[in-house]
Amino acid sequence: MAGHIITVIGGKGGVGKSQVAANLAFAYAAELRAKTMLLDFDQKACGDQNIITGLKSKKNLKELSEFSGAIDPRSIQLFTGEHKAGIHFVGMPTEPIAANQVNEEGLGKVLKALTNIYPITIVDGGSELTPLTLKALEFSTLIFIVVSPDLLAVNQCRRMYSDLITMLFPKDMIQIVVNQAVNGHPVTPDVIGKQLGKPVFHAIARDDASCTAALSRSTPVIVGAKNSAFANGVTDCVRKLIQKNVLKTLEKLTKPQELGAKAQAPAGGAPTSSAANAKDPWTELKSRIHRALVEEMDLKKQDDSDPKAKIILREQTKKMVVELLGKEDTKAVLATRDDMNRIVKEILDEALGLGPLEDMLADKTISEIMVVGPKKIYYEQSGKVKKSTVTFTNDRQVMNVIERIVAPIGRRIDEKTPYVDARLADGSRVHAIIPPCAIDGCCITIRKFPDKRLDYKDIIKFGSITQEMADFMRISVEAHRNIVVSGGTGSGKTTLINMLGGFIQSNERIITCEDSAELNFPQDHVVRLETRPPSLEGDGEIDIRCLVKQTLRMRPDRIVVGECRGGETLDMLQAMNTGHDGSMTTVHSNTPRDAISRLETLVQYAGAGLPQKAIREMIASAVHMIIQQSRLDDGSRKVMYITEIGGIQGEVVTLQDIFVFKQEGIGKDGKIQGKFMASGFIPKFIEVLERKGYKIPRGLFVNT
């Protein structure tokens, strides 16, 4: 079974990080009764581990990084110093120049091999995220950040934690250990947890006497004073890791790769080409200001529900950004006042809004925004997809935007559930998916919600339907026809069903069921229901099928399901068949005939085991009309068919087109030319309405 690497780092010096790392290795060796490796990666405090452990390795880390042979249980012994407690140790060169010449790529191969030799490898990673430390983190299963109950240490710990999150290390992989904890001290582990936005994993009691005595004898506390408060604290930490199977759980998380190559070269060495390319002065200035802003202001406590509070917060943040920029040397980056205004706006958008997407969301002509990783943003304008010139700084910024979207509505997205359906405050639909499912980085798709609710007049003006078709749809809705809106992705199904909902009489009770609430009916008596994803424990999920069942107990006049895509189709058809006429839903399909087949398939998802003929009879009885909406090649959206279901003959559901769109060619401007035509067929329910005394103009069904 492969072993695990735990890297111990500190936000600043003096928190006892090296002491914790060394004793952690000795505690693991004692608990597992197995050999444990301890590596010193701290280039700034080179040689500290030699003093703490009293060990001296046969060869140092620089020599190990340059070793060209295979690393196996025999060859590793050429480098290690050994302790009778079961510790193997390789130290950092004691000369700073030699320490800075350690080859991190060579050590990457070593770390990979060590997981096949030792069940646990502890790395003392230092107090800075050097390329060497990042290489250790790349191969680590768990990162411990050690912090002491000191406000400066907590602040630096927060900085390091933020940097690691920005590099896309999973939050669960990073755990906080409080060293030198004192009962009654005002900076308690709970206070530290609140400051960092993450609960403390473990606290080790302050024990200056034992630690000082152990250092003076060059003996780990675990060995020299195994019953001391410090030794017990470290041992308890190891036991917690073992008992809760923490490492086995964390090994499944996806970690960032090749971080060492992306970082700047250490002092005394030349920067790599990757580092040189990453140095964009504009981006670096924004990143510095943003980090300083996070330290100065708690932006997470903003009240998004109060518009006045948002305006005040934006003004306060803008003032702070200008002050921070005033402390920087910006002459080379900000040449003009326009540059200054632009960078302030970009920082504010990133800190308080959705970053580079803010301008696109404000543009009324853009209907959809599609993000593919940090460097590719596409948008749909006038039915055509175009690529934006603006980009995100990095993948972490995209992740921040996703978290900012999902947090207010109680949704979550993480490595366990790497996708989410959500909505913006204006009702716009959002779908996000992140690594490991999204290979090229975090992806966001936003279907914008129009400020003004589109009614049938707008849709006629767009050329999607004619006045006669709109009049017929109004008659159908008022006559309580059960309608299925069919179409492909982005064809305008939700817009059309919103328009149909506007035709429902105001004295009727409407209940809507959706994955993400988008429907916006003008009536007052509307009950809106929305699904809920499972909790972290995997329970508490509420799907569309459950909501449809609940609506039947809520005295609905109309049931509107945003989209049928599973077993809820059976419940929807049964509702249509049992006194809830006038209900509506949407399905994904390309033609009315395909819509029937799609409904058949979806009913089978319910697992009721109904024969195919029984399903078709149910569909023919429940659904009265299918409206087919399509997005054409020129980007326009049109209702291609309005089709009545006439019943079933044998095993075939009979369909009769009432209106169709007939394409006649493509104009010089690339626009599709054609016309809407009535088939001349009079729907059966029209005659029924006329017998009841309604006057329906027959001219609707005649081509003029």
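If I ask for residues that are out of contact with any strand residue (DSSP E or B) (no Cβ under 6 Å at 6 or more places or on another chain) and more than 23 Å from GLN574 (Cα to Cα), which ones from the stretch 474-497 would you list?
ARG474, ILE475, GLY488, THR489, THR495
For the stretch 531-574: of the residues being among the basic types (Lys, Arg) and surrounded by fewer than 18 Cβ atoms within 10 Å (Cβ to Cβ), which is modelled with the lowest pLDDT?
Ranking the qualifying residues of the stretch 531-574, first place goes to ARG532.
With the checklist (1) open to solvent by less than 10 Å² (accessible area, probe 1.4 Å); (2) over 26 Å from PRO534 (Cα atoms) in hand, flag the one item TYR379 doesn't pass.
So the condition that TYR379 fails would be (1).
Would you check if ILE117 is in contact (Cβ under 8 Å) with a residue 60 or more places away in the chain and in contact with a Leu (Cβ under 9 Å, 6 or more places away or on another chain)?
When the stated conditions are applied, ILE117 does not pass them.
May I ask you to verify whether GLN604 is under 43 Å from the mean Cα position of the chain (by Cα), open to solvent by 40 Å² or more (accessible area, probe 1.4 Å), modelled with pLDDT under 90 and polar (S, T, N, Q)?
No: the conditions fail for GLN604.
Somewhere in the stretch 556-569, is a residue closer than 30 Å to GLY667 by Cβ, in contact (Cβ under 8 Å) with a residue 12 or more places away in the chain and not in a strand (DSSP E or B)?
Kept after step one, since they are closer than 30 Å to GLY667 by Cβ, are these residues of the stretch 556-569: none.
No, because not a single residue in the stretch 556-569 is closer than 30 Å to GLY667 by Cβ, in contact (Cβ under 8 Å) with a residue 12 or more places away in the chain and not in a strand (DSSP E or B).
Do you know which residues across the stretch 112-128 are over 25 Å from GLY10 (Cβ atoms) and either in a strand (DSSP E or B) or of a type in the set (A, V, I, L, M) (or both)?
Scanning the stretch 112-128 gives ALA113, ILE117.
For the stretch 542-559, give me each residue that is under 21 Å from VAL477 (Cα atoms), under 30 Å from the mean Cα position of the chain (by Cα) and not hydrophobic (A, V, I, L, M, F, W, C).
Scanning the stretch 542-559 gives no hits.
Please work out if ARG545 is out of contact with any Ser or Thr (no Cβ under 8 Å at 6 or more places or on another chain) and either touching a residue at least 12 places away in the same chain (Cβ under 8 Å) or of a type outside the set (Val, Ile, Thr) (or both).
yes
Only one of these conditions is not met by CYS437: (1) more than 30 Å from ASP395 (Cα to Cα); (2) free of Cβ contacts under 8 Å to residues at least 24 places away in the same chain; (3) not aliphatic (A, V, I, L, M). Which number is it?
CYS437 satisfies all of (1) more than 30 Å from ASP395 (Cα to Cα); (2) free of Cβ contacts under 8 Å to residues at least 24 places away in the same chain; (3) not aliphatic (A, V, I, L, M) except (1).
With respect to THR512, is the statement that it is part of a strand (DSSP E or B) and under 30 Å from the mean Cα position of the chain (by Cα) true?
yes
Here are some conditions: (1) surrounded by fewer than 18 Cβ atoms within 10 Å (Cβ to Cβ); (2) within 22 Å of LEU250 (Cα to Cα); (3) of a type outside the set (Gly, Ala, Ser). PRO435 meets all but one. Which one does it not meet?
Failed condition: (1).
Somewhere in the stretch 431-451, is a residue out of contact with any Phe, Trp or Tyr (no Cβ under 7 Å at 6 or more places or on another chain) and of a type in the set (S, T, N, Q)?
yes
Which one is nearest to ALA225 (Cα to Cα), of the residues in the stretch 88-109 that are aliphatic (A, V, I, L, M) and surrounded by 24 or more Cβ atoms within 10 Å (Cβ to Cβ)?
VAL90
For the subset of the stretch 201-220 comprising residues that are among the aliphatic types (A, V, I, L, M) and more than 43 Å from the chain's Cα centre (by Cα), which member is least open to solvent (accessible area, probe 1.4 Å)?
The residue in question is ALA214.
If a residue counts only when it is open to solvent by 20 Å² or more (accessible area, probe 1.4 Å), more than 30 Å from GLU368 (Cα to Cα) and touching a Lys or Arg at 6+ places or on another chain (Cβ under 9 Å), which strands (runs of 3 or more DSSP E) contained entirely in the stretch 617-704 have at least 1 such residues? Working first, answer last.
Values: elements: 625-631, 637-649, 652-666, 672-678.
Per the criteria, 637-649, 652-666, 672-678.
Could you grab me the full set of residues in the stretch 227-245 that are surrounded by fewer than 18 Cβ atoms within 10 Å (Cβ to Cβ) and in contact with a Phe, Trp or Tyr (Cβ under 9 Å, 6 or more places away or on another chain)?
Scanning the stretch 227-245 gives LYS240, ILE242.
Residues that are aromatic (Phe, Trp, Tyr): list the helices (runs of 4 or more DSSP H) wholly contained in the stretch 1-108 that include at least 1 such residues.
Per the criteria, 17-32.
Kindly indicate the residue of the stretch 57-86 that is touching a strand residue (DSSP E or B) at 6+ places or on another chain (Cβ under 6 Å) and within 19 Å of LEU107 (Cα to Cα) and also surrounded by the most Cβ atoms within 10 Å (Cβ to Cβ) among those meeting that condition.
The qualifying residue surrounded by the most Cβ atoms within 10 Å (Cβ to Cβ) is LEU61.
How do the pairs read when you match residues in the stretch 233-250 that are closer than 27 Å to ASN183 by Cα with residues anywhere that are open to solvent by 10 Å² or more (accessible area, probe 1.4 Å) and in a helix (DSSP H, G or I), using Cβ under 7 Å and keeping only pairs 6 or more apart or on different chains?
So the pair list comes out as VAL234/ILE222; VAL238/GLU31; ARG239/GLU31; LEU241/LEU247; ILE242/GLU31.
Is it true that some residue in the stretch 164-185 is without any contact (Cβ under 8 Å) to a residue 60 or more places away in the chain, part of a loop (DSSP other than H, G, I, E, B), buried (at least 20 other Cβ atoms within 10 Å of the Cβ) and not hydrophobic (A, V, I, L, M, F, W, C)?
So far as the stretch 164-185 goes, no, none of its residues is without any contact (Cβ under 8 Å) to a residue 60 or more places away in the chain, part of a loop (DSSP other than H, G, I, E, B), buried (at least 20 other Cβ atoms within 10 Å of the Cβ) and not hydrophobic (A, V, I, L, M, F, W, C).
Just one of (1) part of a helix (DSSP H, G or I); (2) open to solvent by less than 10 Å² (accessible area, probe 1.4 Å) trips up PHE144, so point out which.
(1)
Please work out if LEU573 is part of a strand (DSSP E or B) and not small (Gly, Ala, Ser).
No: the conditions fail for LEU573.
The values are calculated or read from the model by the stated rules, or taken from the named source; none is laboratory data. What you are looking at is a predicted structure, and each value in this text was computed from that prediction instead of being measured. Don't worry about glycine lacking a Cβ; one is built from the backbone with ideal geometry, like all the others, and counts go over all protein chains shown. Quick note on the areas: whole protein, heavy atoms, side chains included, nothing else; ligands and nucleic acids left out. Shrake-Rupley method; radii C 1.70, N 1.55, O 1.52, S 1.80 Å.
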